[in-house]
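Peer 1: Got a structure for you, written out below as structure tokens; questions coming shortly.
The values are calculated or read from the model by the stated rules, or taken from the named source; none is laboratory data. Not measured: the values here are computed from a predicted model. Virtual Cβ from ideal backbone geometry, glycine too; neighbours counted across all protein chains shown. Heads up: the accessible areas ignore ligands, DNA and RNA and are worked out on the full protein's heavy atoms, side chains in. Shrake-Rupley method; radii C 1.70, N 1.55, O 1.52, S 1.80 Å.
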Amino acid sequence: NDDTPADAAAREVQEDTGWRPGPLNPLIYAEPATGITDSQHPLFRADSATYEGPPTEKNESDRIEWIPLATIRGMIDRREIVSSGTLVGLLYVLMDEATR
């Protein structure tokens with residue numbers, strides 16, 4: 001497979017959500033479980049998306065919805081978002097937004 005990490009990320013988003021992300025920009029790189037696994041996570045940010053149809057991977061998400069960035073901190077505080085891979089990206093975006 002000759003996919004770049006951005007190509008793979010865009011494909012996964014579309015398969016898991018039905019939405020094709022707009023241009024992906026590198027956000028941050030993380031290894032959420034260093035010492036336990038060599039799982040590598042290049043994370044990207046897209047500021048737009050186009051609905052392409054229902055997800056083709058039905059078991060990847062419990063719920064798909066747009067969430068305003070302003071509500072993310074509260075969701076993290078209430079432990080509604082706990083996945084380390086997700087937290088790394090969201091916290092980086094929140095930090096970036098706070099410095100704008």
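Peer 1: If you take the residues of the stretch 9-43 that are among the acidic types (Asp, Glu) and touching a Pro at 6+ places or on another chain (Cβ under 8 Å), which of them is nearest to Asp96 (Cα to Cα)? Step through it out loud before you land on a result.
Peer 2: Filtering the stretch 9-43 for residues among the acidic types (Asp, Glu) gives 12, 15-16, 31, 38.
In the following step, the residues that additionally are touching a Pro at 6+ places or on another chain (Cβ under 8 Å) were identified as 15-16.
Values: Glu15: 28, Asp16: 26 Å.
By that ranking, first place goes to Asp16.
Peer 1: I would also like to ask the following. Could you please find all residues in the stretch 26-49 being open to solvent by less than 80 Å² (accessible area, probe 1.4 Å), in a strand (DSSP E or B) and free of Cβ contacts under 8 Å to residues at least 40 places away in the same chain?
Peer 2: If the condition is that a residue be open to solvent by less than 80 Å² (accessible area, probe 1.4 Å), in a strand (DSSP E or B) and free of Cβ contacts under 8 Å to residues at least 40 places away in the same chain, then Pro42, Phe44, Ala49 are the ones that fit.
Peer 1: Given the conditions (1) of a type in the set (S, T, N, Q); (2) part of a helix (DSSP H, G or I); (3) under 15 Å from the mean Cα position of the chain (by Cα), which single one is not true for Ser61?
Peer 2: Only one criterion is unmet by Ser61, namely (2).
Peer 1: I'm trying to understand the selection: among the residues of the stretch 66-79, which are part of a loop (DSSP other than H, G, I, E, B) and open to solvent by 100 Å² or more (accessible area, probe 1.4 Å)?
Peer 2: To start, the set of residues in the stretch 66-79 that are part of a loop (DSSP other than H, G, I, E, B) comprises 66-68, 78-79.
Across the stretch 66-79, the qualifying residues are Trp66, Arg78, Arg79.
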